[in-house]
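The values are calculated or read from the model by the stated rules, or taken from the named source; none is laboratory data. Keep in mind the model is a prediction, meaning the values are calculated, not measured. Don't worry about glycine lacking a Cβ; one is built from the backbone with ideal geometry, like all the others, and counts go over all protein chains shown. Only protein heavy atoms, including side chains, enter the accessible area calculation; ligands, DNA and RNA are left aside. Shrake-Rupley method; radii C 1.70, N 1.55, O 1.52, S 1.80 Å.
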Amino acid sequence: MLGEFDLIERFLKPARVSAAHSGVALGAGDDATVLTPEPGHQLVVSVDTSLVDVHFPADAPAEAIGHRALAVALSDLAAMGARSRWCLMALSQRHDAFADEAAATTWYADFSRGFHALCEAFDTVLAGGDVTAGALGISVTVMGETPSGRALTRAGARPGDVIAVTGALGGGAGGLHLWQRGERDMTHPLVKRYLLPTPRLEAGLRLRGLASAAIDVSDGLLADLGHLRRASGVGAELDEAALPPAAGLLEALGEREAVAAMLGGGDDYELLVTLAPDNVAKARQALAKCDVALTVIGRCSEQPGVRGVEAAREGWQHFQGERP
Ligand SMILES: [Mg+2]
């Protein structure tokens with residue numbers, strides 16, 4: 001069977017990068033990696049763990065598992081308006097998960113292809129990796145940079161600010177719903193949203209300086225809006241009819257469940273932002289350059305709590321409990 005060092009050498013090795021731009025002063029082959037941040041910048045760091053049967057289904061393709069583990073971690077950098085630069089990965093996988101070495105090799109090659117392709121798409125260097133025997137799980141630490149003092153946070157929203165969301169909602173929950181009912185077409189738009197999400201890194205960069213607060217939608221719109229509201233000390237009035245549904249969501253779930261999925265489904269990895277009303281048009285223009293829509297879905301208020309979504313509360317709680 002493949003040993004730990006074989007695995008790291010063959011599949012988890014840091015991608016070859018031009019030393020001048022990678023910021024990797026000392027890479028693989030020593031006890032730790034030495035990184036050089038840009039002068040005048042702050043490091044923005046986050047870690048995310050993806051566990052089989054908790055965060056992704058056991059029968060998901062290995063390539064998607066690799067992609068998704070990195071994508072969900074990068075989404076947190078997007079929410080901070082950070083440029084992604086480096087990541088570290090700790091993988092655990094059972095030694096007895098495969099029938100033979102050929103099956104193991106195929107799995108690791110597919111997993112690593114999904115992971116490295118996303119690294120490349122977002123100029124992120126895998127700066128170190130570790131492999132352990134255990135239930136399938138991937139911990140990814142991502143490191144990005146913002147000019148000092150410029151990171152977006154959850155805490156800047158003010159009463160009167162507009163609440164807006166990038167892209168579309170409900171795709172994560174819709175894709176999970178279809179997967180649980182046997183859909184295995186990886187090109188289905190909802191399955192793609194669930195298993196191959198795209199972190200909104202470029203949108204996050206463009207919103208820096210325009211948004212007053214930001215968070216990524218990982219736990220569900222209402223849950224993540226709750227985090228942002230508490231950090232900022234504001235309430236929210238939402239316009240349920242304005243929520244932008246993911247392509248195919250209404251057809252897959254019906255209208256009532258689609259609204260519940262948009263409010264509570266999670267796994268959408270869109271950005272939820274607040275903006276001074278004057279900045280909305282500028283933000284839309286900026287995001288149009290990276291082909292990302294921005295939809296206004298409500299407004300921050302002084303009155304605490306959330307108004308405008310009473311009808312969907314029951315369905316929202318239902319989705320809070322649904323996992324692979
Ligand atoms: Mg987050």
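Per-structure values
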read-out: Of 261, 11, 131, farthest towards positive along the dipole that unit charges on Lys, Arg, Asp, Glu beta carbons give the chain; value: 261
read-out: Per residue accessible area in Å² of region 162-320, where ligands, DNA and RNA are left out and the probe is 1.4 Å; value: 39
read-out: By average C-beta atoms within 10 angstrom, highest first, the peptides 136-144, 214-222, 94-102; value: 214-222, 136-144, 94-102
read-out: Magnitude of the charge dipole, the chain, Cβ model with Lys/Arg +1 and Asp/Glu -1, debye to 20; value: 1020
read-out: Hull shadow area, averaged, region 92-133 [alpha-carbon convex hull, nm²]; value: 3.2
read-out: Kirkwood Rh and Cα Rg combined as Rg over Rh, evaluated for region 207-258; value: 1.04
read-out: Zone residues, region 241-261, relative to residue 185, backbone N less than 18 Å from point 7 Å out along Cα-to-Cβ; value: 246-254
read-out: Kirkwood Rh (inverse of mean 1/r, distinct Cα pairs), region 171-285, angstrom; value: 15.0
read-out: Probe 1.4 Å, all protein chains present, accessible-area order of 38, 120, 240, largest first; value: 120, 38, 240
read-out: Per principal axis, descending, Cα span of region 1-137 in whole Å; value: 51, 31, 22
read-out: Distance between region 94-134 and region 231-300 - C-alpha centres, whole angstrom; value: 34
read-out: Share of pairwise Cα separations in the chain, more than 29 Å, in percent; value: 39
read-out: Accessible area in the full protein assembly, largest first, 1.4 Å probe, for 239, 224; value: 239, 224
